[in-house]
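Written below as structure tokens is the structure these notes are about.
The values are calculated or read from the model by the stated rules, or taken from the named source; none is laboratory data. These figures come from a predicted structure and were not determined experimentally. Cβ atoms come from the backbone with ideal geometry, glycine included; neighbour counts cover every protein chain shown. Note: areas computed on protein heavy atoms with side chains; ligands, DNA, RNA excluded. Shrake-Rupley method; radii C 1.70, N 1.55, O 1.52, S 1.80 Å.
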Amino acid sequence: MKLLITSLRLVVITMLVCVAGYTAIILGFAQMVVPARADGSLVTKDGKIVGSRLIAQKFTQPQYFWPRPSAADYNAAGAGGSNKSPTSSDLTDRAQTNIVASGATAENPLPAELAAASGSGLDPHITEHAVLYQTERVAKARGLALPKIEALVKQQAFATDGVFVSDRLVNVLELNMALDETK
Amino acid sequence: MNAILFISFIVGGTALLSWPLGRYMKWAMDPDKPNGFDRLFHRFGGRYSNEPQNWKQYCVAMLVFNVLMFVVSFGFMALQQHLFLNPDGKGAINLDCIFNTAASFTTNTNLQHYSGEVSMSYLSQLCALMWLQFVSAATGIAALTAMARGIAGRKDMGNFFIDLQRATFLVLLPVAVIVAVLFALGGIPMTLLGAAKATTLEGIEQIIARGPVAAFVAIKQLGTNGGGFFGPNCAHPFENPTFWTNIVASVSIILIPMGSVWMFGHIVKRLRHAAVVFAVMLVFLVAKIGGAVYFEAAPTQAFAGLPIEQTTGNLEGKELRFGTAAGPLWAVLTTSTSNGSVNSMHDSLNPMTGLMSMIGMWLNATFGGVGVGMINMFIYIVLAVFVAGMMVGRTPEYLNRRIEAREVKLAVIALFAHCFFVLAPTGLFAATDWGQKTLNNTGPHGFSEIVYEFSSANANNGSGFEGLGDNTIPWNVATGIVMMLARFIPIFLPLAIAGSLAAKKPTAESVGTLGTESVTFGVMLGGTLLFIGALTFFPLATLGPIAEHLMFMK
């Protein structure tokens, strides 16, 4: 009985401090210092929410750059990966559809990230290389000159880090928004 | 080269940080004389928190508090549809899933048979799950503190209620505040608003789930909890938005497990011994990381022969922003500690990389969970000392106390339980529809899904080969039971051993004693881990990942 009473007291006090107090401190800090990030890094256009810069969205039209395949069909309220083994023939079949959609050939192979589904199904980035792979399609659909788009890509691409040099990445949603602004 | 630099930076940097943390943890958990915090904690705990406890009383107090943890969190989840802080109107959850989740978070496992953003209200996320992430981690740290006191020869093992508050308020909370602030700055959402509704550039509606994520993710990493706010865990951009948040999270995963070893050394007053144990753990950790990075550099086998350009290893189930080495590194860190969060989908790891994750959970002591990793290692230490004693024909001793039949028996029972809870249910589920009907992959990889699930439940890890359709009554009940037995048996038995050691007269060290501060001891301990682990689990490894590797990888 005395153990139960003491335990109950600890439930109340840990709940007050670690749930109410801790959450309030972090919430207050985030909402005051980085309010836009705290609300999900939402991106607006003409005052309407068009997505989050951290979350991939579905692009299938030729005038837009396409993100990585998503096993969750870009559902940002129920995300997930394919959870298929890399040896699974299901992945081979899925990759075939990506190859057909992007017209890849042995001479012009598809960058792997455009065939491999991301972990969350919401990976907002592709590499600069995978963007450039798509520029021809986008340029044709928009009737824009290739160099103009390539310049835009170069401007948008960023190194994820300074020290451990890796591929330069591009945020697909931001690139597509910038593209819509380009005449 | 970059991979080596990246890994040394994270593992080496954390090892350095763990040294001052260990000193601090000793000060916080086992102060030499009562301080102001103790008086405060006595006031919070009431008059019964003042009494010294022996190992049995300590275990009973822990059990009572943990039962209450289970009940309270169960209540919040079961009633969430009627309560507040539910902006997206989440409905009722199946009772078997609630049972599994309450067991999972109470035992510091965080195995998740639900998807956070789909099923849980913010109230459940905070008051049930995040609360348990604090107090279940604190339970582990308290248990290690008590065990170390016993090994140091103190019959009074402290008081669980005071230790729990020390671990929660002095160790976990301050570090969690720092990490949560870094996460919020890094772009992890922290809001009580419901999901955002967006209309994409192509005109489709996209519902974007969010919530008080930064606070949740900080303690989930630090307390080796690992349960995600979202289904894809730290692969989700809202749990892990950048290269840098990924580094902070990686460090957070191993920081307190590493610090626990130093705290143990300080309490038993044998820092050199702790350094040998630390070194053994580190060697195993680095070996697993090396294996994982090597095997994961192989491209996705399913794409072989297709017009696909593969230059950076297997990308299925990975996010690009973390860089190439971050996935396999995390896969090892999260399973070597009992964390279980993921930044790539483990089901889609190359077969042998998946094996490295399984090895982490099978050993569960390199570095293991907060507090409990060192407790698990103590079981191996007892056996190593015993075997070494047999080899030279002397009575085995550990830190000036004789290891006799009773201690060895208890250690073997703990080890047997560890093996049994993986092997027996894996056999059962692999042989019946309970397992076979829930697989997402065929052949040896399907078997690996079952092996992984029970290894994870047993190690109180919580990661999974998530393709497994595990939100079924057999899976929820079986893993729920495994998690609870595999949590408390390996805590209570070592505490019993420590209690029994504390009751013995100290012996003087002689030339026949195996010095616990020597390289020989380190080799003995490493060998014990390796042989016991390999003898027990090699058949599973062969039928699952090794078979898949040999059959499919070219």
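Scanning segment B:495-554 for residues that are surrounded by 19 or more Cβ atoms within 10 Å (Cβ to Cβ), outside any helix (DSSP H, G or I) and among the β-branched types (Val, Ile, Thr) yields B:Thr513, B:Thr516.
Would you call B:Asn314 of a type outside the set (Lys, Arg), touching a residue at least 40 places away in the same chain (Cβ under 8 Å) and over 30 Å from B:Leu535 (Cα atoms)? No: the conditions fail for B:Asn314. Here the condition is being open to solvent by less than 60 Å² (accessible area, probe 1.4 Å), more than 18 Å from the chain's Cα centre (by Cα), more than 8 Å from every other protein chain (Cβ to nearest Cβ) and not acidic (Asp, Glu); of A:Gly47, A:Gly28, it holds for A:Gly28 alone. The set of residues in segment B:223-280 being farther than 30 Å from B:Lys318 by Cβ and among the aromatic types (Phe, Trp, Tyr) consists of B:Trp262, B:Phe264, B:Phe278. Candidates A:Ser70, A:Ser7, A:Ser52, A:Ser41: the one that is within 30 Å of B:Phe552 (Cβ to Cβ), polar (S, T, N, Q) and buried (at least 16 other Cβ atoms within 10 Å of the Cβ) is A:Ser70. When the residues of segment B:170-185 are filtered to those that are open to solvent by less than 30 Å² (accessible area, probe 1.4 Å) and under 17 Å from A:Ala24 (Cα atoms), the one that is farthest from the other protein chains (Cβ to nearest Cβ) is B:Val175.
For segment B:28-49, a tally of residues being surrounded by 14 or more Cβ atoms within 10 Å (Cβ to Cβ) and either within 14 Å of chain A (Cβ to nearest Cβ) or more than 20 Å from B:Gly499 (Cα to Cα) (or both) returns 10. Being part of a loop (DSSP other than H, G, I, E, B), open to solvent by 10 Å² or more (accessible area, probe 1.4 Å), in contact (Cβ under 8 Å) with a residue 60 or more places away in the chain and more than 10 Å from chain A (Cβ to nearest Cβ): is that true of B:Lys155 here? Criteria met by B:Lys155. Could you tell me whether any residue of segment B:265-287 is in contact with a Lys or Arg (Cβ under 7 Å, 6 or more places away or on another chain), open to solvent by 10 Å² or more (accessible area, probe 1.4 Å), modelled with pLDDT of 95 or more and outside any loop (DSSP other than H, G, I, E, B)? So far as segment B:265-287 goes, yes, one or more of its residues are in contact with a Lys or Arg (Cβ under 7 Å, 6 or more places away or on another chain), open to solvent by 10 Å² or more (accessible area, probe 1.4 Å), modelled with pLDDT of 95 or more and outside any loop (DSSP other than H, G, I, E, B). Do you know which residues across segment B:65-74 are under 18 Å from B:Leu144 (Cα atoms) and at the interface with chain A (Cβ under 8 Å from one of its Cβ atoms)? Matches in segment B:65-74: B:Phe65 only. Every residue in segment B:186-196 that is more than 7 Å from chain A (Cβ to nearest Cβ) and within 14 Å of A:Ile55 (Cβ to Cβ), please. Passing the criteria: only B:Ile188.
Within segment B:201-245, the set of residues being assigned to a helix (DSSP H, G or I), of a type in the set (A, V, I, L, M, F, W, C) and either modelled with pLDDT of 95 or more or crowded, with 24+ Cβ neighbours inside 10 Å (or both) comprises B:Val213, B:Ala214, B:Ala215, B:Phe216, B:Val217, B:Ala218, B:Ile219, B:Leu222, B:Cys234, B:Ala235. Taken as a whole, the condition of being assigned to a helix (DSSP H, G or I), more than 23 Å from B:Asn343 (Cβ to Cβ), more than 21 Å from the chain's Cα centre (by Cα) and within 12 Å of chain A (Cβ to nearest Cβ) applies to B:Gly446.
Taken over segment B:297-306, the criterion of being open to solvent by less than 10 Å² (accessible area, probe 1.4 Å) and either in a helix (DSSP H, G or I) or more than 18 Å from B:Met356 (Cβ to Cβ) (or both) is satisfied by B:Ala302, B:Phe303. Would you tally the residues in segment A:136-145 being exposed (fewer than 13 other Cβ atoms within 10 Å of the Cβ) and more than 16 Å from A:Asp180 (Cβ to Cβ)? Count: 2. In this structure, A:Ala95 does not qualify as under 18 Å from B:Gln301 (Cα atoms), in a loop (DSSP other than H, G, I, E, B) and at the interface with chain B (Cβ under 7 Å from one of its Cβ atoms).
Just one of the listed residues (A:Pro35, A:Pro109) is more than 7 Å from chain B (Cβ to nearest Cβ) and either under 14 Å from the mean Cα position of the chain (by Cα) or open to solvent by 20 Å² or more (accessible area, probe 1.4 Å) (or both), namely A:Pro35.
For A:Val100, the stated conditions hold: it is of a type in the set (Val, Ile, Thr) and either part of a loop (DSSP other than H, G, I, E, B) or open to solvent by 20 Å² or more (accessible area, probe 1.4 Å) (or both).
Among the conditions (1) more than 11 Å from every other protein chain (Cβ to nearest Cβ); (2) under 23 Å from A:Lys183 (Cα atoms), the only one that A:Pro67 does not satisfy is (1).
Matching residues to (1) more than 9 Å from chain A (Cβ to nearest Cβ); (2) basic (Lys, Arg); (3) free of Cβ contacts under 8 Å to residues at least 24 places away in the same chain:
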| site | (1), (2), (3) |
| --- | --- |
| B:Ala214 | no, no, no |
| B:Gly231 | no, no, no |
| B:His236 | no, no, yes |
| B:Ile254 | yes, no, no |
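Could you please let me know if B:Ser250 is of a type in the set (Ser, Thr, Tyr), away from chain A (no Cβ under 13 Å), in a helix (DSSP H, G or I) and buried (at least 24 other Cβ atoms within 10 Å of the Cβ)? Against the criterion (of a type in the set (Ser, Thr, Tyr), away from chain A (no Cβ under 13 Å), in a helix (DSSP H, G or I) and buried (at least 24 other Cβ atoms within 10 Å of the Cβ)), B:Ser250 does not qualify.
For segment B:370-400, taking the residues that are buried (at least 22 other Cβ atoms within 10 Å of the Cβ) and hydroxyl-bearing (Ser, Thr, Tyr), the one that is farthest from B:Thr516 (Cα to Cα) is identified as B:Tyr380.
Is it the case that some residue within segment B:347-365 is open to solvent by less than 20 Å² (accessible area, probe 1.4 Å) and free of Cβ contacts under 8 Å to residues at least 60 places away in the same chain? Yes, segment B:347-365 contains at least one residue that is open to solvent by less than 20 Å² (accessible area, probe 1.4 Å) and free of Cβ contacts under 8 Å to residues at least 60 places away in the same chain.
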